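Heads up, the thing below is written out as structure tokens.
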Amino acid sequence: MTAIIDYGAGNLQSVEKALKHIGCGCTVAADPAGLMSADSAVLPGVGAFGEAMAGLESRGLSGAIRDFVKTGRPFLGVCLGLQVLFESSEESPGVKGLSLLPGKILRLPDDRGLKVPHMGWNSLDVKSPGWLLKGLSEEPYVYFVHSYYLRTEPELVSATAEYGATIHAAVQKDNIAACQFHPEKSGGVGLAILRNFAGYVRENT
């Protein structure tokens, strides 16, 4: 069973609907016990970095997520759920992220004739498919909604996208994968990505 982590940052229903559509059993977990009883987890979310970290801390989920990841169980971050896996964000100075992966979240530049937030479809340049992005077509299109983007170490980057900056749009390290875009809103490509996650869960739990 996959736990969809509820920390008050929304976007749960669309993720739950997409996972159920592909036949992946899931439940919503709003506390450490619910998370730790699952065999895999998805951390979705929309909103601000600081508020997200406050929500995770207040529910005791920050430490639980770190403990969960250490067990080697599959873990997927989506949008804001990607950002909080890293060290910090320009959106919320002084607020520490979960620091499960090295990197920082930066503001998208708004001086290059592009609207911020970045909202809409954009192609990916798949660098290293790993288990999350395997089997996708060349330069697949996915759906983004964000004003901040990730810069991390090159060896972690599965895919990039261009929007006034080179966005590290998907990352993977061992059992952790995360994407800045929304697979649950990305049509057939997004469902293929979620099927890859579900397949990885079946093979590793």
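The values are calculated or read from the model by the stated rules, or taken from the named source; none is laboratory data. Small disclaimer: the values here were computed from a predicted structure and weren't measured. In this analysis, Cβ positions are derived from the backbone assuming ideal geometry, glycine residues included, and neighbour counts consider all displayed protein chains. Keep in mind that these areas ignore ligands, DNA and RNA; they rest on the heavy atoms of the full protein, side chains included. Shrake-Rupley method; radii C 1.70, N 1.55, O 1.52, S 1.80 Å.
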Could you please let me know if Val46 is in contact (Cβ under 8 Å) with a residue 60 or more places away in the chain, touching a Cys at 6+ places or on another chain (Cβ under 9 Å), open to solvent by less than 40 Å² (accessible area, probe 1.4 Å) and among the hydrophobic types (A, V, I, L, M, F, W, C)? no
Tally of residues being open to solvent by less than 70 Å² (accessible area, probe 1.4 Å), part of a strand (DSSP E or B) and not small (Gly, Ala, Ser) across segment 89-124: 4
Determine the pairs where a residue that is under 22 Å from Arg73 (Cβ atoms) and part of a strand (DSSP E or B), located within segment 173-197, has a partner that is open to solvent by 40 Å² or more (accessible area, probe 1.4 Å) and of a type in the set (Lys, Arg) with Cβ atoms under 9 Å apart, the partner being 6 or more residues away or on another chain. none
Here are some residues: Gly77, Gly81, Gly72. Which one is in contact (Cβ under 8 Å) with a residue 60 or more places away in the chain and farther than 18 Å from Ser147 by Cβ? Gly72
Answer with yes or no whether Ala165 is surrounded by 14 or more Cβ atoms within 10 Å (Cβ to Cβ) and under 24 Å from Gly72 (Cα atoms). no
Search segment 1-13 for residues being on the phi < 0 side of the Ramachandran plot and at pLDDT below 95, and hand back the single one that is most open to solvent (accessible area, probe 1.4 Å). Gln13
Out of curiosity, is Ser137 among the hydroxyl-bearing types (Ser, Thr, Tyr), more than 20 Å from Asp174 (Cα to Cα) and in contact with a Pro (Cβ under 7 Å, 6 or more places away or on another chain)? no
Test result for Ser158, open to solvent by 40 Å² or more (accessible area, probe 1.4 Å), closer than 27 Å to Arg66 by Cβ and free of Cβ contacts under 8 Å to residues at least 40 places away in the same chain: no
Pull out all pairs, ordered by first then second residue, where Cβ-Cβ is under 6 Å, the residues are six or more apart or on different chains, the first lies in segment 107-130 and is within 24 Å of Pro154 (Cα to Cα) and modelled with pLDDT of 95 or more, and the second is acidic (Asp, Glu) and open to solvent by 50 Å² or more (accessible area, probe 1.4 Å). Arg107/Glu90; Ser123/Glu139
Quick check on Arg66: is it closer than 25 Å to Ala198 by Cα and more than 13 Å from the chain's Cα centre (by Cα)? yes
